[in-house]
Every structure is written in structure tokens, then in C-alpha cells.
Amino acid sequence: MTSPDSAPIASQAVPFEKPGVPHAATPAWAWLSLVVGATGLGCSLMLWQKVDGMQEQLARQTAEATTQAVEARALARESQDLVRDASAKLSVMEARVNEVSLQRGQLDTLVQNLTRSRDETLVVDLESAIRMAQQQAQLTGSTEPLVAALHHSIKRLERSTQPRLITVQQAMERDLERLSRTAVTDTASLLARLDDVVRLVDDLHVQNSAPLQDTQRQPERKAPQPQAAQDATLTPAQWAWWSNWGHRIWQGTRDEARDLLRVSRIEHADAMLMAPEQAFFLRENLKLKLLNARLAVLARQFDAARADIGAAQASLNKYFEVGSRRTHQAQSVLAQLQTHLQATQQPSLEDTLTALSTAATGL
């Protein structure tokens with residue numbers, strides 16, 4: 001292959017001429033053809049070099065593309081492996097998610113059961129505390145056990161923060177407000193007044209009792225004053241004796257005549273037909289009724305106490321003299337006791353107990 005530098009040297013070579021031999025002049029077109037040929041040869045060389053460079057670049061790019069393709073195939077295989085691994089891991093994760101979801105459902109059910117069990121236990125504890133406080137209030141005659149139990153129960157409900165127990169808390173607050181307006185019963189005063197009536201029973205007179213003796217009914221007669229016109233033959237002592245003797249005879253005769261016929265108003269026939277010796281048992285029966293009322297007051301059973309006092313009042317009206325001062329006094333004391341017992345009934349916690357029962361049913 002001829003180098004590009006050799007062409008101009010060849011074109012510039014002077015042809016050898018024989019000496020002494022004349023030659024003709026070179027035509028212009030030959031020189032033009034030579035220049036065109038040289039130019040074409042230079043262009044061909046330049047094009048060849050450019051094509052050679054392009055081929056090298058193309059080969060280089062092809063090699064790079066091949067390398068990249070190999071790398072891409074390797075990356076694709078790695079990606080496929082990663083996808084397979086990811087798919088396997090995803091399957092495992094889905095299985096675990098399903099397992100966790102199942103465990104979460106079971107845990108939610110367990111939590112709900114525990115919460116429901118805790119609420120049921122709370123409701124049962126509150127109801128037991130309220131009923132125990134009611135018994136203590138009945139025994140002591142004070143509302144302090146009920147007030148303390150309601151305050152403690154309201155605090156426990158506030159800490160529980162359960163919406164379904166709000167109605168129970170509201171019912172307890174209403175009962176607590178009602179208890180704050182309840183009057184306190186003076187048990188000692190009631191018992192003392194019942195004891196006074198019991199002591200008064202022995203002095204009461206039944207309706208068919210015998211008339212009072214002369215020494216009880218009649219005041220002591222005063223001694224007559226000596227008169228100025230006394231008989232001169234009688235001494236003052238003799239005159240006083242004869243005067244008293246005549247008065248005693250007249251008084252005795254009048255009382256005997258009055259006792260022959262005695263008119264009295266008897267409302268019940270049983271009181272008139274009762275034998276005189278039965279008065280003792282009648283008084284003892286009346287005492288038993290009053291003592292039963294006393295025991296009922298001690299036990300805070302006001303309804304039973306009122307019933308016993310009512311029975312005692314009926315016995316007083318039926319068998320004893322209603323017009324007697326002591327009978328009237330006993331009736332007045334018993335009526336006051338009835339009024340006081342009716343005004344001091346044991347407060348009920350119906351709202352609280354009803355709300356607790358409803359809450360226990362709804363849990």
C-alpha cells in the first residue's frame with residue numbers, strides 16, 4: 001500500500017531524457033488529471049480513515065452493547081431470582097399476616113371477654129356493696145353507710161370509663177342526692193317514749209272495771225265548824241261526832257243508791273263481756289305489742305313497728321276507758337310515734353339497684 005506522501009514525490013519526478021534528443025511539452029490536461037487524481041486519492045484516503053474510525057467506533061459500541069446485554073441478562077436473571085425470592089417472602093408474609101389477623105381476632109375476642117367479665121365483676125361488686133350498706137343502715141339507723149357506699153361506687157365507675165355504665169352512675173348520683181335530704185331518726189327518743197307507754201299500761205282502766213272506792217273518789221270531808229247555836233246540853237266533841245255520823249250515813253246511802261244503776265257508753269261488746277280477771281292478761285298483751293314495736297324500732301323495721309303500734313292503739317280504743325286522762329295520754333304518745341315513724345322511712349335505692357340489674361342483663 002502506497003503512503004500518501006509518496007504520491008507527490010512520484011508526481012514531481014522529472015522523466016529521464018536522453019541527451020541531445022528534443023522532447024515535446026507536457027499538455028495541461030495531463031497536469032489537471034494528475035491533480036484531480038491526487039485529490040481523489042487524498043479524499044479516498046480520508047474517507048477510508050473516517051470509515052475505519054467509524055468501524056472501530058461501531059465495533060467498540062457493539063462490544064459495549066454486547067457487554068451491557070450480558071450484564072442486562074445477568075441483572076434480569078438476578079431480578080427474576082429476586083422476584084422469586086420476593087414472591088416467596090410475600091407468600092410467607094401473607095401467611096404470617098393471616099396468622100396475625102387470626103391471632104388479633106382471637107385477642108380482640110379475649111379482650112372483649114375480659115372486659116365484659118371485668119364489667120360484670122364490677123357490677124356484681126357494686127350491687128353487693130350497696131346491699132351490704134343497706135343492711136348496715138338498717139342496723140345502725142344511719143344513712144352514713146349508704147352515702148359512703150355510693151361515693152365509693154361512683155369513684156369506681158369514673159375510673160372504669162365504660163359508656164354502658166353511665167346510667168348506673170347517674171342513678172347513684174340521684175339516690176345520693178335523695179339521701180342527703182333524708183331526716184335522721186332519733187332511735188333513743190322513740191324507745192324512751194315506748195317505755196313510758198309500757199309503764200303507763202298498769203295504770204289504765206278497762207271499760208268494765210269496778211267503780212272507785214270512796215276514799216279514791218271523794219275528797220276528805222272537812223270537819224264542821226262549831227255553830228253558835230249548838231245545844232247547850234252537848235259538848236263540842238259530841239256535837240262533832242253526831243254531825244259526822246249523820247253525814248256518813250247520808251253519803252253511804254247516796255253512793256249505794258248510785259251504784260245500783262250505772263250508765264256508761266261501751267263501743268265494743270267484747271269489752272263489756274270480758275271477765276274482771278282477764279284485765280291482767282289484757283294489759284300484758286298490750287305490753288307485748290308495745291315491746292314488739294320496740295324491737296322493730298331497734299331492728300329498723302319501721303313498717304312492723306307501725307303495725308304493732310296500730311294494734312296497741314286499737315286495743316286501747318276497744319278495751320280501755322277512752323275518756324280517762326292516762327288513756328288519752330297513751331293514745332297521744334302512740335299517735336306521735338306513728339307520725340314520726342311514717343316520716344322517717346328507710347330510704348330506698350331503687351334507681352341504683354334497677355340500673356345495676358339492667359347493666360348486668362345487658363353485659
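The values are calculated or read from the model by the stated rules, or taken from the named source; none is laboratory data. As the structure is a prediction and not an experimental result, all values here were calculated from the model. Every residue, glycine as well, gets a Cβ built from its backbone with ideal geometry; the counts of neighbours run over all protein chains shown.
Quick check: anything in the stretch 169-182 of a type in the set (Lys, Arg) and under 22 Å from residue 297 (Cα atoms)?
Yes, there is a match, as at least one residue in the stretch 169-182 is of a type in the set (Lys, Arg) and under 22 Å from residue 297 (Cα atoms).
For the stretch 115-127, indicate whether the set of residues that are without any contact (Cβ under 8 Å) to a residue 12 or more places away in the chain, over 18 Å from the mean Cα position of the chain (by Cα) and either surrounded by 13 or more Cβ atoms within 10 Å (Cβ to Cβ) or over 22 Å from residue 351 (Cβ atoms) (or both) is non-empty.
No; the residues of the stretch 115-127 include none that is without any contact (Cβ under 8 Å) to a residue 12 or more places away in the chain, over 18 Å from the mean Cα position of the chain (by Cα) and either surrounded by 13 or more Cβ atoms within 10 Å (Cβ to Cβ) or over 22 Å from residue 351 (Cβ atoms) (or both).
Being modelled with pLDDT of 85 or more, within 30 Å of residue 164 (Cβ to Cβ) and among the hydroxyl-bearing types (Ser, Thr, Tyr) narrows it down to one of 91, 101, 79, so name that one.
Only one candidate passes the filter, namely 101.
What's the total number of residues in the stretch 313-329 that are within 17 Å of residue 199 (Cβ to Cβ) and either basic (Lys, Arg) or in contact (Cβ under 8 Å) with a residue 40 or more places away in the chain (or both)?
Here the count works out to 7.
Any idea which of (1) at pLDDT below 85; (2) out of contact with any helix residue (DSSP H, G or I) (no Cβ under 8 Å at 6 or more places or on another chain) is the one residue 119 doesn't satisfy?
Only one criterion is unmet by residue 119, namely (2).
Can you say whether residue 183 is at pLDDT below 80, under 30 Å from residue 336 (Cα atoms) and in a loop (DSSP other than H, G, I, E, B), as far as the supplied structure shows?
The answer is yes for residue 183.
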